[in-house]
1. Can you list, bin by bin at 5 Å, the percent of alpha carbon pairs in the range 20-72, starting at 0?
2. Determine the gain in length on full extension of the stretch residue 36-residue 16; use 0.36 nm per residue of separation and subtract their C-alpha separation, reporting nm with one decimal.
Amino acid sequence: MTDQSTRTRRAAFDIRLIIALLIGVYGLVLTIMGLAFTADEDITKAAGVNINLWAGIGMLIFTALFVLWTVLRPIRVSEEPPSGE
């Protein structure tokens with residue numbers, strides 16, 4: 001296995017990407033619900049704010065920041081065993 005494929009495999013299991021994926025899916029669902037399926041009476045109940053839309057957009061921004069963080073500061077794992085052994 002090459003060094004590049006090992007790094008790619010480690011990056012695939014970065015917990016930040018898993019969190020970003022989950023929040024991104026929820027954000028996408030909320031954004032779609034806010035754009036297409038929110039009734040006027042629901043917006044009236046929420047003091048005139050489309051909560052689904054704004055929560056979805058916020059979650060998508062959060063997802064973008066998490067992915068950006070993962071790209072800019074990748075996990076670095078040392079290949080050497082601990083010196084205490």
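Only the coordinates and a few stated rules stand behind these numbers; no lab work does. Fair warning: this is a prediction, and the values are worked out from it, not measured in the lab.
1. 5, 24, 24, 18, 13, 9, 5, 2, 1
2. Extra length available between residue 36 and residue 16 comes to 4.2 nm.
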